[in-house]
Amino acid sequence: MILLTSDVLGNITPEMWEAMRKAKLGWPPRGDDENVNALYDRIKELTNKEAAVLVPSGTMANLVAIITHTNGRGDQVILEAQSHSVYSEELGLSSIAHMFPKLIPGNKGIINPASIIEAIEDCEFNHKPKTALLCLENTHMFAGGTIYKPELIMENCKVAHEREVPVHLDGARLFNAAVALDIKAESLVKDVDSIMINLNKGLSAPEGALLCGTKKFIDKAKINLKRLGGSSMHKGGIIAAAGLVALSDKNIARLSEDHRRAKIFAKAVSLIEGAKIDLSTVQSNIVLVDISSSGMNTDTVLQSLFALNVSGLKKNQKVIRFTFHNGISDNDTMMAVDTFKEVLQRKC
């Protein structure tokens, strides 16, 4: 089976398994687990942030960040209209954090600074909502893995900070963005107030995410994390041991292979009748394929692909997402192209 459903299906590497087997366990909440502490040192080195905390999942880390940054019920959080926090996190920012999501349509997932100013300063019938937080996403999953470049992140943060609004970055695939731009991850996060980074997506660790920020922010976040039941990673050193391998220079650099295969797949599939791809969005390891002109819907196409040992993920009735990771070879990539062509040609 060629699993292109998500990069969470990437292979846990032999180095990770070995590190987990050798891990000496301490108790992370007390600060005496050597692998967890080493993981914090490594992510602080990569991001130049003061502190970090290990969290069971990226979704929980984003929610903890929102709760920690915000205070009053009913305040608004600004997000791009198709953000992961809106569509894939069950709107925990509303149901748990009691925040109102102010959605701004972006250009391929990227928000214009002028739109942020308008959202913050908008006043109707003498009502001006208080903006408690701006959330950005890099890479932007639902836009097809598109990348926020450092200069635009800086501009977005500038207009937010000038209005006393903190900025949180959903950096689930932050290192995909850094590798694609051939820059250090630090350059992409220097202006944001907090970051969430997944260890188990492109980096292919078995589990876990990191929330990073100032020491004051992380100290407060740890309290909120405990309230949500996410601080009890008593054997977190096992996850941290794999996370250290995931954050090694070698493993981060390997992400370029996923990007290369995604581009090969996208260019080949774009030539198939009934498949449409905006190649300008294929900037990292995700490919969105619009099959609306094929006369088939995504459910039918996905079922046919699965029967032929290829899996993708339904975005909606018109678009299928394919995500590349370290479990996919060059041969797998071309086989997936041929299979996709076979399925669409049955109808077209």
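The values are calculated or read from the model by the stated rules, or taken from the named source; none is laboratory data. The structure displayed is predicted, hence computed values, not measured ones. Here the Cβ is made from the backbone with ideal geometry for all residues, glycine too, and neighbour counts use every protein chain on show.
Can you report the number of residues in region 202-226 which are part of a helix (DSSP H, G or I), among the charged types (D, E, K, R) and in contact (Cβ under 8 Å) with a residue 12 or more places away in the chain?
First, pick out the residues of region 202-226 that are part of a helix (DSSP H, G or I): 215-226.
Those still in the list that are among the charged types (D, E, K, R) too: 215-216, 219-220, 222, 226.
Going one step further and asking which of them are in contact (Cβ under 8 Å) with a residue 12 or more places away in the chain, we end up with 215, 219-220, 222.
Result for region 202-226: 4.
Report the residue count in region 16-65 for those that are part of a helix (DSSP H, G or I) and either of a type in the set (Gly, Ala, Ser) or within 22 Å of Asn138 (Cα to Cα) (or both). Spell out the reasoning first.
Step one: of region 16-65, the residues part of a helix (DSSP H, G or I) are 16-22, 28-30, 34-47, 58-65.
Narrowing the set further to residues that are either of a type in the set (Gly, Ala, Ser) or within 22 Å of Asn138 (Cα to Cα) (or both) leaves 19, 38-40, 42-47, 58-65.
Count: 18.
Inspect region 20-40 for any residue being under 20 Å from the mean Cα position of the chain (by Cα) and exposed (fewer than 15 other Cβ atoms within 10 Å of the Cβ) and give the result as yes or no.
To start, the set of residues in region 20-40 that are under 20 Å from the mean Cα position of the chain (by Cα) comprises 39-40.
Remaining after also requiring exposed (fewer than 15 other Cβ atoms within 10 Å of the Cβ): none.
Looking through region 20-40, none of the residues is under 20 Å from the mean Cα position of the chain (by Cα) and exposed (fewer than 15 other Cβ atoms within 10 Å of the Cβ).
Out of the residues in region 297-342 that are of a type in the set (Val, Ile, Thr) and part of a strand (DSSP E or B), which is surrounded by the most Cβ atoms within 10 Å (Cβ to Cβ)? Walk me through how you get there before you give the answer.
As a first pass, look at region 297-342 and keep what is of a type in the set (Val, Ile, Thr): 298, 300-301, 310, 319-320, 323, 328, 333, 337, 339.
Still in the running and part of a strand (DSSP E or B): 310, 319-320, 323.
On the way: Val310: 24, Val319: 19, Ile320: 22, Thr323: 26.
Residue satisfying both the conditions and the ranking: Thr323.
Please list, ordered by first then second residue, the pairs with beta carbon atoms under 8 Å, 6 or more apart or interchain, first in region 276-290 and under 24 Å from Gly327 (Cβ atoms) and in the same structural domain as Thr323 (by TED's automatic domain parsing), second among the acidic types (Asp, Glu) and modelled with pLDDT of 95 or more.
Note: pairs meeting the criteria are Ile277/Asp290; Ser284/Asp258; Asn285/Asp7; Asn285/Asp258; Leu288/Asp278.
Can you tell me which residues in region 277-296 are surrounded by fewer than 17 Cβ atoms within 10 Å (Cβ to Cβ) and within 25 Å of the chain's Cα centre (by Cα)?
First, the residues of region 277-296 that are surrounded by fewer than 17 Cβ atoms within 10 Å (Cβ to Cβ): 278-280, 292-293, 295.
Scanning region 277-296 gives Asp278, Leu279, Ser280.
Give the residues of region 51-82 that are touching a strand residue (DSSP E or B) at 6+ places or on another chain (Cβ under 8 Å) and among the polar types (S, T, N, Q), sorted by residue number.
Here is the first cut: in region 51-82, the ones touching a strand residue (DSSP E or B) at 6+ places or on another chain (Cβ under 8 Å) are 51-58, 60-62, 64-66, 68-72, 74-82.
Selection gives Ser57, Asn62, Thr68, Thr70, Asn71, Gln76, Gln82.
Of a type in the set (S, T, N, Q), surrounded by fewer than 19 Cβ atoms within 10 Å (Cβ to Cβ) and assigned by TED's automatic domain parsing to the domain that holds Ala209, is that true of Asn62?
Details: of a type in the set (S, T, N, Q): yes; surrounded by fewer than 19 Cβ atoms within 10 Å (Cβ to Cβ): no; assigned by TED's automatic domain parsing to the domain that holds Ala209: yes.
Against the criterion (of a type in the set (S, T, N, Q), surrounded by fewer than 19 Cβ atoms within 10 Å (Cβ to Cβ) and assigned by TED's automatic domain parsing to the domain that holds Ala209), Asn62 does not qualify.
Which one of these is more than 27 Å from Gly144 (Cα to Cα) and of a type in the set (A, V, I, L, M, F, W, C): Ala61, Ala38, Ala65?
Working: Ala61 fails: more than 27 Å from Gly144 (Cα to Cα); Ala65 fails: more than 27 Å from Gly144 (Cα to Cα).
Of the residues listed, the single one that is more than 27 Å from Gly144 (Cα to Cα) and of a type in the set (A, V, I, L, M, F, W, C) is Ala38.
List the strands (runs of 3 or more DSSP E) inside region 70-169, counting only whole elements, that have at least 1 residues being among the polar types (S, T, N, Q). It would help to see each step written out before you state the result.
On the way: elements: 76-80, 100-104, 131-137.
Once the strands (runs of 3 or more DSSP E) in region 70-169 are filtered for at least 1 residues that are among the polar types (S, T, N, Q), what remains is 76-80, 131-137.
Of all the residues that make up region 172-198, how many are farther than 13 Å from Ile252 by Cβ, small (Gly, Ala, Ser) and part of a loop (DSSP other than H, G, I, E, B)?
1
Of the residues that make up region 79-94, is at least one in contact with a Cys (Cβ under 7 Å, 6 or more places away or on another chain), closer than 14 Å to Ala132 by Cβ, buried (at least 21 other Cβ atoms within 10 Å of the Cβ) and not small (Gly, Ala, Ser)?
The answer is yes; a qualifying residue exists.
Would region 94-105 turn up any residue that is aromatic (Phe, Trp, Tyr) and more than 16 Å from the chain's Cα centre (by Cα)? Please lay out each step first, then the result.
Filtering region 94-105 down to residues aromatic (Phe, Trp, Tyr) leaves 100.
Restricting the remaining residues to those that are more than 16 Å from the chain's Cα centre (by Cα) gives 100.
Yes, some residue in region 94-105 is aromatic (Phe, Trp, Tyr) and more than 16 Å from the chain's Cα centre (by Cα).
Does any residue in region 295-317 that is within 17 Å of Phe265 (Cα to Cα) come within less than 6 Å, Cβ to Cβ, of a residue that is loosely packed, with under 15 Cβ neighbours inside 10 Å six or more places away or on a different chain, and which pairs are these?
Here the result reads Asn309/Met1, each pair linking region 295-317 to a residue that is loosely packed, with under 15 Cβ neighbours inside 10 Å.
What tally of residues in region 129-154 results from selecting those that are within 17 Å of Val165 (Cβ to Cβ), crowded, with 24+ Cβ neighbours inside 10 Å and in contact (Cβ under 8 Å) with a residue 60 or more places away in the chain?
2
Could you tell me whether Ser256 is surrounded by fewer than 17 Cβ atoms within 10 Å (Cβ to Cβ) and part of a helix (DSSP H, G or I)? Break it down stepwise before answering.
On the way: surrounded by fewer than 17 Cβ atoms within 10 Å (Cβ to Cβ): yes; part of a helix (DSSP H, G or I): yes.
For Ser256, the condition - surrounded by fewer than 17 Cβ atoms within 10 Å (Cβ to Cβ) and part of a helix (DSSP H, G or I) - is met.
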